[in-house]
Structure formats: structure tokens, C-alpha cells
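Asks: Below you will find the structure I want to go over with you.
Please treat every number below as a calculation from the coordinates, not as lab data. Keep in mind it's a predicted model, so treat the numbers as computed, not measured. Positions of Cβ are backbone-derived with ideal geometry, glycine not excepted, and every protein chain shown enters the neighbour counts.
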Amino acid sequence: MAVGHEYGAPRKPLAMALSDRVFLASMGVIGGVYVLLIAGMLAADVLYMVRQSLAASSGSQAWTAAVTESPIVDALRDPKIRYSIRLSLISCTLSAILSVFVAVPLGYLMSRVRFPGRRLLDAFLDIPIVLPPLVVGLSLLILFQFAPFSWLAPHVVYQVPAVVLAQFSVACAFAVRTMKATFDQIDPRCEQVARTLGCSRFQAFSYVVFPEADRGMVTALTLAWARSLGEFGPLLIFAGSTRMKTEVLSTSVFLEMNVGNLEAAVAVSLIMVAGAIIVLILTRAVGGEESSSLFRGGNVRERGGARRS
Amino acid sequence: MIRLDHVTITAGEFALRDVSLTIPSGGYGVLMGKTGSGKTTILETILGLRPVTSGRILLGDQDVTDRNPALRGVGYVPQDGALFSRMRVRQQLGFALSIRGVDKGLISQRVGELTEMLGIGHLLDRVPTGLSGGERQRVALGRALSFMPRVLCLDEPLSALDGETRGQMCELLAEVRVRTGVTTLHVTHSLDEAAQLADPLLRLVDGRVAVEHAASGDKVSEPPVSDAKVPREKAASDDHAERSTAVVRPTKTGRLDIQSSP
């Protein structure tokens, strides 16, 4: 057959264009359902809050009163919620810093060093992510029944340190994933060149790898912070939900719901939503594409591996 | 001199067994071979980035088989340059000397020499982002030469460059060889690069290194194993093997001690 004479006949241009449009539209509709679900949940919270605020106020100053006397403002005035916000900010920050402190060396080792059982360890590190949150809390509680942890139990279990530890135990797994993805994306050749230039492994890490991982660290920090903010199950089991003691924002929602105060629960939820959105915007702004690699796990592209030519 | 003496390298399921090669002092060895034949593996072994299972690696008269990459005195230019993205060109060129604790004045002097030799003076305050392929490789070459290594390893350094830039870089590499006398191993697929630079030309076939064209003045001890016809480059001086190599070593006071070594 002569060159240029294709086998078979492709579909007609119009049918091809229609097929492409239908394909993209189908993908958009299926994905859009989930986007609408998220948007709907957030909008419902806001609408509920506005409706309750307006219902509680009347007259010409209704809108002003709706703002000043809204459940959110009420929640912010409540000493218990204020304590909860303060403890949340402190514990989330501490657990995020601890997570990154552990995730940098662990992520680096998982990315750069080949050792027996590496794949097993890689899967092992995902356990806190896939375990039911209540099981994480229960496991922590049981762990502190055994020495040497039991010696510290009176100062940790159902105390403020338990809040940080429970948040850290889950958030750190996300930070490790992020840091591993970050180190996977840094060309190992740079580090190898640094070593041939006279650097020890530590110097190569400090002068070359670490500076290039700064965005990844910010991403890991903010994601660990956001994850800690949303932690609830492990906290409930391991730290309890004692007001003005181990109460953080997620437990505030639970406690307010328990006493039938739905307005306050929704108000605290909206405070958390605002915090999470701020953190996610910061993550996207600072971390860029790296922030989207959080859940890539072992599928991250590895550059400059064992190349042979 | 670069000498691999019956070296066996195992990298996962890949293995190179009983590899021997010699590049005389001041020589410019070009190593060719098929993709996946193990050229880069040999280069990484010389750099100390990959351990050997058996055999010896000698650089000059020193056995460096078990020596840390940092202590081998080998400059390395990878395929894409692998420039440090957060450092300006000036910092990259001075990095090796800075790590070695060399005095700032001497670092500045050495950076000046390198920029003059490589024509990158206008790039000193730039970061790697935005540099062209040729500029990146010039900076990578300068960084590798900054501490005056006795051996230079180039891993397909020109493969990503256009024809014109590649020609310019070949001329530059030949000039660098003449000016520094550094013993070089250059891994490439390009017959043009081999034609312009090889002295000797080595070919890796089935895990064995054959000398296709001996270094200037040397006799070929092994028969050619390939039918590729590569003209031998004569431009470089024939007496390079006898030329001394300048070696700069930082002293405890931070000053550079410039010595001549055969």
C-alpha cells in the first residue's frame, strides 16, 4: 500500500468533535457532583448561620444585629470556646512543628536510601492514615499502659500533652508523605555533585538539598497543621473532651452538639472552615505544585535514580 | 591517570564484571557504548558514588577504591549540569573551595580565572533558572574545575545542546584540556564529540572496555571491537601525557598551595 494511504477510515470530523465534547462533559459532570457537594456543605453552614442570626434579630437594625449577635460572635465571646481556640492554635502548631522535625529525616531516608524492607516501611508509615481515627486513639491509650510510657501516663493521658501527641501521631504521617515527595522531586545528582566537590553527606544535605526543600517543608507544616486542626477521634479517646482542659475546636463541636446547641456547633465549625481555608490557600501559594503531591505516595516520579547508559 | 583494574560493579540486577581501562595522565578518554551498557555506572564508580564488588580504582598513583567521593579529587559534570538551584553562579563556582575552607580572596581569584577561561563572567550574579543549556554546562564545568581536580568525569555533558552550541562546547573542552591538563573521562553517544575529543577512544561492549584508538603516543594493546569509523582527533598536543598537572590544595592557613605533579 502506498505511503499516505491509511488503513481503515477514521470517523467523520463532526462525529469526532462531538465524541470529544461528550467525553469531556461526562468527566465534568461526574467530577462536578463532588465539587457541588463540598460547596453545598459550606454554603449550607453559612446559610444556616445567617438564617438563625436574622431570626434572632428584627427591625431596621436587623442586619447589624445579625452580625453583632450572631452565634459566631457569641461563640467568640464564650470563654470555653476562646480556650478551645487558644489550645487548638498552640497544639496544632506544636504538632505541626514536631511532624516536620520528624518528617524531614524520615522522608529523606525513604527517598534517597535503598535498604531491605524499605517498601514494607513505606507501607507501614501509611498506617496512621488508613487506620480508623478511634483505633489510633485507643492504641495510644493502650501504649501508655506499658512501661516506659506508663511512667509518663499521669502527665500525658487525658492531659494537654495527649492532645499534641494524638494530633502528631496522624499529622506526621501526612508530613512524611509530603517530605518524601519533595525529596523525590529534588534531583539526586545535585547532592552527588556536592559530594564530589568535597561535601560530606551532612554538608551536601545542609547546603544543597535542605534549601531546595523549603517549599516542601512549608507545605508539610501547613498540611500537618490543618490535619491536626481537624483531628477528633484520637483526641476523644486519648485526651478526653474535658472543658477548659483538653477541649480543642473539634471537640467543641462535639460538646456543643451533645448539649443540643446546634448554633454554637455550626459557629465553631465555620471558624474551623475559615482556618482550614486560610491554611490551604497559604499552602497553595507557597507550596505550589508540591502541595498536590500529598497523596501520591509511592507513585511520585523519581529523578536520576539508577540510570545506566 | 585513571585506571580501573579488573573491577566488578553490581547495581541491582545489573552487573559489570572484570572491567579494566586506563586513561593516561592528561588524556581525554571518550567512552562510548550502547544505552544501558553501563557507561554511567563506570563513571559513577570512578566518582565513588557506586561501590565496587571487587577490583581496584587508581587515580594517579593512589588507590581510591574505598575512598569517599569527597576525598577523591574528581570533578563531575552530569548530563543536565545539576546546578544548585538556590545558588548564584558565583556561589556555585566558589562552592568547592568554600567547603574546603579556602580564603575568600583566593576563592574570588579562582572564580575570576574560571570565568575568564569559560566566558561566563556576565553570568556571575545569575541563578540557574533562565540560563541556556550551553551556559548551564559552562557553569557546571567551571564548578567541577574550581578545586583543580586531577580527574574530570563528564556524563553526556553535551547531549541536550543544539549542534552549534555543541561544537562550541567541544572546542571549549579541548581548550580546557590544554590549559589545565586534567585527565578526563567523557561519556557520550556522539561520534562527533568522539571525533573531536577522544584521546583515547574507548568502547564498552558486552561489559568489556576496548580501546578503539589509543591515547597519543600509546600503542593499542587490544583490537578494536566495533566497526564504527571514528577519525582520531590530532588537534591536542601529542605530548600531553608528559605534561604536569597543576594541583591546588588548601593548607591549614586557608591559603592555596599550588604544586606540580606528574
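Asks: Over the stretch A:128-258, how many percent of alpha carbon pairs lie in each 5 Å bin up to the one with the longest distance?
Replies: 2, 10, 16, 15, 14, 11, 9, 9, 7, 4, 2, 1, 0
Asks: Can you compute the label reach from residue B:104? Point 7 Å from Cα along the Cβ direction, backbone N cut-off under 18 Å, restricted to the stretch B:115-153.
Replies: It comes to B:125, nothing else.
Asks: How many nm is it between the label spots at residue A:14 and residue B:189, if each spot is 7 Å from the Cα in line with the beta carbon?
Replies: 4.7
Asks: FRET efficiency for residue A:245 and residue A:210, Cβ-Cβ distance as r, R0 = 56 Å, nearest 0.05?
Replies: On the way: r = 39 Å, r/R0 = 0.69.
E between residue A:245 and residue A:210, to the nearest 0.05, is 0.90.
Asks: R0 = 41 Å: FRET efficiency of residue A:46 with residue A:151, Cβ-based, nearest 0.05?
Replies: Values: r = 48 Å, r/R0 = 1.17.
According to the calculation, E is roughly 0.30.
Asks: Per the Cauchy relation, a quarter of the hull surface: what is the mean projected area of the convex hull of the alpha carbons in the stretch A:150-191, in nm²?
Replies: Values: hull surface 17.3 nm².
One quarter of the hull surface, i.e. the mean projection, equals 4.3 nm².
Asks: Calculate the radius of gyration of the Cα atoms of the stretch B:1-69 to one decimal place, then report Dmax, the largest Cα-Cα distance, as a whole number, both in Å.
Replies: Gyration radius and largest Cα-Cα distance of the stretch B:1-69: 11.4, 35 Å.
Asks: Further question on the same structure: Which peptide among A:174-185, B:172-183 comes first, and what is the full order, when sorted by highest mean count of other Cβ atoms within 10 Å? Walk me through the numbers on the way to the answer.
Replies: Values: A:174-185: 25.7, B:172-183: 18.9.
The peptides rank, most packed first, as A:174-185, B:172-183.
Asks: Here's another thing I want to ask about it. Binning at 5 Å from 0, report for the stretch B:87-225 what percent of all alpha-carbon pair distances ends up in each bin.
Replies: With 5 Å bins starting at 0, P(r) equals 2, 9, 18, 19, 18, 13, 9, 7, 4, 1, 0.
Asks: Go through the stretch B:26-37 residue by residue and turn each phi into a ³J(HN,Hα) via Karplus (6.51, -1.76, 1.60, θ = phi - 60°); whole Hz please, and just put x for glycine and proline.
Replies: x, x, 10, x, 10, 9, 10, x, 5, 4, x, 7
Asks: Report, in cubic angstrom per residue, the convex hull volume of the C-alpha atoms of the stretch A:182-270.
Replies: In the stretch A:182-270, the Cα convex hull volume per residue is 131 Å³.
Asks: Using only atoms on other chains, find how many Cβ atoms lie within 10 Å of each Cβ of peptide B:64-75 and report the average.
Replies: 3
Asks: Still on this structure: Need the C-alpha centroid separation for the stretch B:164-202 versus the stretch A:226-258, integer Å.
Replies: Result: 67 Å between the Cα centres.
Asks: Assuming 0.36 nm per residue, please report the length gained on full extension of the stretch residue A:278 to residue A:130 beyond their Cα-Cα distance.
Replies: Once the chain is fully extended between residue A:278 and residue A:130, it gains 50.7 nm.
Asks: Among all helices in chain A defined by DSSP H, which have a length of 18 Å or more along the axis from Cα atoms plus a Kyte-Doolittle mean of at least -1.0?
Replies: Length and hydropathy pass: A:13-56, A:79-112, A:160-185, A:214-230, A:262-287.
Asks: Still on this structure: Applying 1/(1 + (r/R0)^6) with R0 = 56 Å to the Cβ-Cβ distance of residue B:164 and residue B:68, what FRET efficiency is obtained, to the nearest 0.05?
Replies: 0.90
Asks: Can you give the translational diffusion coefficient of the stretch B:136-195 in µm²/s, computed by Stokes-Einstein from the Kirkwood radius over Cα pairs at 10 °C and 1.306 mPa s?
Replies: Numbers: Rh = 11.8 Å.
Stokes-Einstein gives a translational diffusion coefficient of 134 µm²/s.
Asks: Scaled to the compact-protein estimate 2.2 N^0.38 Å, what is the alpha-carbon radius of gyration of the stretch A:178-219, rounded to two decimal places?
Replies: Details: Rg = 10.2 Å, N = 42, 2.2 N^0.38 = 9.1 Å.
Against the compact-globule rule of thumb, the ratio is 1.12.
Asks: Against the empirical 2.2 N^0.38 Å scaling, what ratio does the C-alpha Rg of chain A come to? If you can, show how the numbers build up before the last one.
Replies: Numbers: Rg = 25.3 Å, N = 309, 2.2 N^0.38 = 19.4 Å.
Computed over Cα atoms of chain A, the ratio equals 1.30.
Asks: Would you tell me the mean number of C-beta atoms belonging to other protein chains that fall within 10 Å of each C-beta in A:206-216, as a whole number?
Replies: 2
Asks: Let me ask something additional. If we count every other residue with Cβ under 14 angstrom of residue B:46's Cβ, Lys/Arg +1 and Asp/Glu -1, where does the sum land?
Replies: +3
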